[in-house]
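Below is one structure, written out as structure tokens; comments come after it.
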Amino acid sequence: TQLLEQSPQFLSIQEGENLTVYCNSSSVFSSLQWYRQEPGEGPVLLVTVVTGGEVKKLKRLTFQFGDARKDSSLHITAAQPGDTGLYLCAGVRYGGSQGNLIFGKGTKLSVKP
Amino acid sequence: ETGVTQTPRHLVMGMTNKKSLKCEQHLGHNAMYWYKQSAKKPLELMFVYSLEERVENNSVPSRFSPECPNSSHLFLHLHTLQPEDSALYLCASSQDRGHMNTEAFFGQGTRLTVV
């Protein structure tokens, strides 16, 4: 059973389009992080959300943590080819091993010029 | 540059070989991790070291043997691997383990192919 479900698994869009990727779970998380991984590289942290209902913006990226702290979304406005990569969500679960991140499988985004 | 360096970047080894992966961080972090990233699977946590002590071993086969000689270096010793062990092996570090805002800094990974 996958603890963190990410959708869609693959997304191919044209430059300038908007998109949303989702990270869902039946478990409650004390915090949730989003990473981006480019081919041949390790994941790089984009944001951490901690409070239920929290919304954080990073330029054209908007991150939201669900009120119940079980899900999160990432919205990208006016996508650019530089946004191409694997987007991973990772959570720290209540009652789980402290500090250990649980990762989803990721959403592979391709933005075509 | 994330501050976490892994070598080698690519490794091809036979099933009877013995090799080691190396990870180095100069961020002053106290916790280091090994992850395995396979196609179609999420990142899998293998080992956690905190202040050079192994604090977690997630049911990893004994053919993978970690070593943490000091807080800046982490090794993964490999022997008699199987083809299904082929994957991207990622090292990460964080300031401390056990903080709910743990931010992991990842290395670029070692792409391992077992033939």
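Okay, here's what the table says:
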quantity	calculated
All strands (runs of 3 or more DSSP E) inside region A:1-40 with 3 or more residues being hydroxyl-bearing (Ser, Thr, Tyr)	A:29-37
Criterion violated by B:Val60 - all others in (1) under 15 Å from the mean Cα position of the chain (by Cα); (2) of a type in the set (A, V, I, L, M); (3) at pLDDT 90 or above; (4) open to solvent by 40 Å² or more (accessible area, probe 1.4 Å) satisfied	(4)
Residue within region A:44-57 that is charged (D, E, K, R), more than 11 Å from chain B (Cβ to nearest Cβ) and either in a loop (DSSP other than H, G, I, E, B) or under 11 Å from the mean Cα position of the chain (by Cα) (or both) present	yes
Hits in region B:37-91 (condition: among the hydrophobic types (A, V, I, L, M, F, W, C), closer than 26 Å to B:His26 by Cβ and within 12 Å of chain A (Cβ to nearest Cβ))	B:Leu43, B:Leu45, B:Met46, B:Phe47, B:Val48, B:Val55, B:Leu88, B:Leu90, B:Cys91
Meets criteria (touching a Pro at 6+ places or on another chain (Cβ under 8 Å) and crowded, with 20+ Cβ neighbours inside 10 Å) for A:Gln6	no
Test: residue in region B:18-34 that is on the phi < 0 side of the Ramachandran plot and facing chain A (nearest Cβ under 8 Å)	yes
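The values are calculated or read from the model by the stated rules, or taken from the named source; none is laboratory data. Only a predicted model underlies this, so the values are computations on that prediction, with no experimental measurement involved. Here the Cβ is made from the backbone with ideal geometry for all residues, glycine too, and neighbour counts use every protein chain on show. We work out accessible area using only protein heavy atoms, side chains counted, and drop any ligands, DNA or RNA first. Shrake-Rupley method; radii C 1.70, N 1.55, O 1.52, S 1.80 Å.
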